[in-house]
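Worksheet for the structure shown next.
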Amino acid sequence: MRLVVQRVLRSSVKVNGICIGSIECGIMVLVGVHQADTEAIAVGMARKLAELRIFEDEQGKMNRSVREIGGSVLAVSNFTLYGDCRKGRRPSFSEAAGGDRAKAIYEAFVSALSRLVPTQSGRFGAEMQVEIINDGPVTLLLDSKID
């Protein structure tokens with residue numbers, strides 16, 4: 001599983017011009033599912049995200065999690081995170097999990113995350129427009145795959 005994590009002041013996601021999820025201060029995360037991922041990996045990544053210390057404490061150090069600051073998470077599925085552009089000019093998505101399997105793992109991630117922190121989500125498989133007001137900016141890549 002690959003997560004692109006952005007600390008945000010606010011973020012929203014629209015489908016067909018209709019807002020289906022929005023948050024104020026917190027994390028906007030793009031979620032890519034690898035073909036080898038499992039629901040157990042999704043649960044572990046949700047826990048890691050909820051506990052990731054990327055918000056500043058009183059001394060200005062990144063020492064607080066989204067849970068500790070009372071923030072929220074907006075999770076948006078994005079299979080293109082597994083786009084491989086090393087050969088040619090068109091990305092290959094052969095490492096991304098396919099359809100129903102990817103959806104089940106993404107939903108397991110969102111479900112586990114929502115038990116830990118207030119969570120909004122996009123619509124799996126839909127064309128979405130995501131608005132982000134970055135804070136910092138702080139952007140991190142979390143990857144569960146161990147080579």
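All of the numbers you see were taken from the coordinates with simple rules; none came from a lab. For clarity, every value in this text was computed on a predicted model and none was experimentally measured. Counting neighbours? That spans all protein chains shown, and the Cβs are built from the backbone with ideal geometry, glycine included.
Assigned to a strand (DSSP E or B) and either without any contact (Cβ under 8 Å) to a residue 40 or more places away in the chain or surrounded by fewer than 16 Cβ atoms within 10 Å (Cβ to Cβ) (or both): does that describe SER12?
It is false that SER12 is assigned to a strand (DSSP E or B) and either without any contact (Cβ under 8 Å) to a residue 40 or more places away in the chain or surrounded by fewer than 16 Cβ atoms within 10 Å (Cβ to Cβ) (or both).
Find the residue count for region 17-50, including only residues that are surrounded by fewer than 18 Cβ atoms within 10 Å (Cβ to Cβ), of a type outside the set (Gly, Ala, Ser) and either in contact with a Gly (Cβ under 8 Å, 6 or more places away or on another chain) or without any contact (Cβ under 8 Å) to a residue 40 or more places away in the chain (or both).
Adding up the residues that qualify gives 6.
Which of the residues spanning region 39-53 are in a helix (DSSP H, G or I) and over 11 Å from VAL117 (Cβ atoms)?
GLU39, ALA40, ILE41, ALA42, VAL43, GLY44, MET45, LYS48, listed by residue number.
So how many residues does region 54-80 have that are of a type in the set (Gly, Ala, Ser), touching a helix residue (DSSP H, G or I) at 6+ places or on another chain (Cβ under 9 Å) and closer than 16 Å to ARG115 by Cα?
Number satisfying all stated conditions: 3.
Among the residues of region 9-50, which ones are within 21 Å of GLY125 (Cα to Cα) and of a type in the set (Lys, Arg)?
Scanning region 9-50 gives a single hit, LYS14.
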